[in-house]
Every structure is written in C-alpha cells, then in structure tokens.
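The next block holds one structure in the form of structure tokens; read it before the comments.
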Amino acid sequence: MSSPSQVRFPGAAGLRQTGRLFALGLDVMRSLPKRPFQVREFIQQCWFIASVTILPTALVSIPFGAVIALQLGSLTRQIGAQSFTGAASVLAIIQQASPIVTALLIAGAGGSAICADLGSRKIRDEIDAMEVLGISPIQRLVVPRVLAAMLVAVLLNGMVSVVGVLGGYTFNVIMQGGTPGAYMASFNALAQLPDLWIGELKALIFGFLAGVVAAYRGLHPPPGPKGVGDAVNQSVVITFLLLFAVNFVLTTVYLQLVPPKGM
C-alpha cells in the first residue's frame, strides 16, 4: 500500500504549475525596481514586438470595428434606436474589442517569440549558466520582455481603438446610410473618459499576462526535441484562457464602480 507521501491527487500537477506561474509574476513585479535596469534589452524587445504586431493588429482592427458597427446598426434599426448606433459601437470597440484584439496579437506574435527565445536559451543551458554566474535570468531577460509587452500592448490598444472606430464609422455611414451627426452625437452623449481608461488598463494587464505566461513556459519547456514548440503552443492557449477570464472580472468591476453617463 502506498504511503501518504506517495499518494498523487488529481490536478496536483496543474496546481503546481499555477503556483509557479503566480510566483514568477510576483518575482517579475519584485524585480521591477531593482538596478541595473536592462534599457538596451527593453528597447530591443519593444521594437521587435511592435514590428511583428503593428501590421497584423491594424489589419484585424478594421474588419473587427466594421463587423461590430454593421451588427449593431442592423440591431438598432430593428428596435428603432438607430441614433444610438455610434455610442454602442464605439463603446464596444473601446471597452471590449480593442483590448482583446491587442492581447490576442501580443500573445500570438510577441508572446510566442518570447517563449521560443527563452526556451531555446533554456535547452542550450544558457539560463543555468547565468544562474551559476550569479546573474538573475528574471531581471536580465524576463523583466525587459514583460515590460516591453505591456508598453506595446498599451500603444497598440490606442491604435486599434482609433482604427476600429474609424472603420465602424465609415461602414455605418456608407453601407447602412447612417448620418455622421447622429453617430457622433450619440457617442458624445453616452461615452465618458473612464471608458478609455478601462480599455488602456485592460491592455496593460493583458500585456503583463502575455509576457509572464510566455516567459514561464519558455523557462520551463517540456523535455524532448519538441519541448520548445509545445511550450509555445501552451503559452498562447494559456494566455487566451487567462485574458478572457480577467476581462470578465475587470468588466464586472468597472460596471459596478463607474456609473453610466447621465445617471
């Protein structure tokens, strides 16, 4: 009969992985104020992540905003509230679509590259060599990449918001016969500045999650020749699951704390 210390509980491995991921996030936050800060590595990672995500994000945001505007325009016409199309579509893009699109591209393009880079360093024993030399891999490699993902996510979120709103405005006015004045008037009547701040906050948190998950899977790849590839796939899937869960929590808290405009 197995001793109590040898009994394995279902889900114990998943709990250990979750705990290690959470611990890495805490280590990253604790290492932020430490010096020296890797400025050159941070700038290089910002440029790399931006270069691989700007064009796909812009191309995705245009049809994304158009689809939202077309769907809401059709719905508001059916219920006789076409004058509120602008407010509904703009708020949906700024609060929900823009941060999610940004996070998906950051995790899919930038996060996968971060995971592959750190995973290749791990299997070549570069990470272990840094630890032997007394260099913290988290401060030297992980922190600049996480900060770069956060900064690029915030900047891309602003770009997606602008491009998505312009795309929705264009499609609503041209294809659905909406009036530009009513579109802008409804937006000015119902939108408020905190709607923009919550979108930027979501992008910042999503960038942090994407960077931490990619770094964790890169530092702990599965054994074998396919380990790095499997780690990249796992990092993208885990990030997608986390961002939708966190988006639900942030949206719920925001709607409870910030009253709608005019109330």
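The values are calculated or read from the model by the stated rules, or taken from the named source; none is laboratory data. Since the model is a prediction, treat every value here as computed from it, not as a measurement. Here Cβ is always computed from backbone atoms with ideal geometry, including for glycine, and neighbour counts include all displayed protein chains. For accessibility, only protein heavy atoms count, side chains too; no ligands or nucleic acids. Shrake-Rupley method; radii C 1.70, N 1.55, O 1.52, S 1.80 Å.
General observations
- Axis of helix 143-175 versus longest Cα principal axis of the chain: the two differ by about 20°, to the nearest ten degrees.
- Tail fraction, Cα-Cα pairs, region 55-254, threshold 24 Å, whole percent: 48
- Full extension of the chain between Gln192 and Leu15 gives 59.7 nm of extra length, using 0.36 nm per residue less the Cα-Cα distance.
- Where labels lie 7 Å past Cα in the beta-carbon direction, separation of Ser31 and Thr170 in nm: 4.3
- In the context of the full set of protein chains, region 55-254 has a per residue accessible area of 43 Å² (1.4 Å probe).
- FRET E, pair Ser74, Val249, Förster distance 35 Å, beta-carbon r, rounded to 0.05: 0.70
- Relative contact order of the chain: 30 percent, from C-alpha pairs under 8 Å at least 6 residues apart in sequence.
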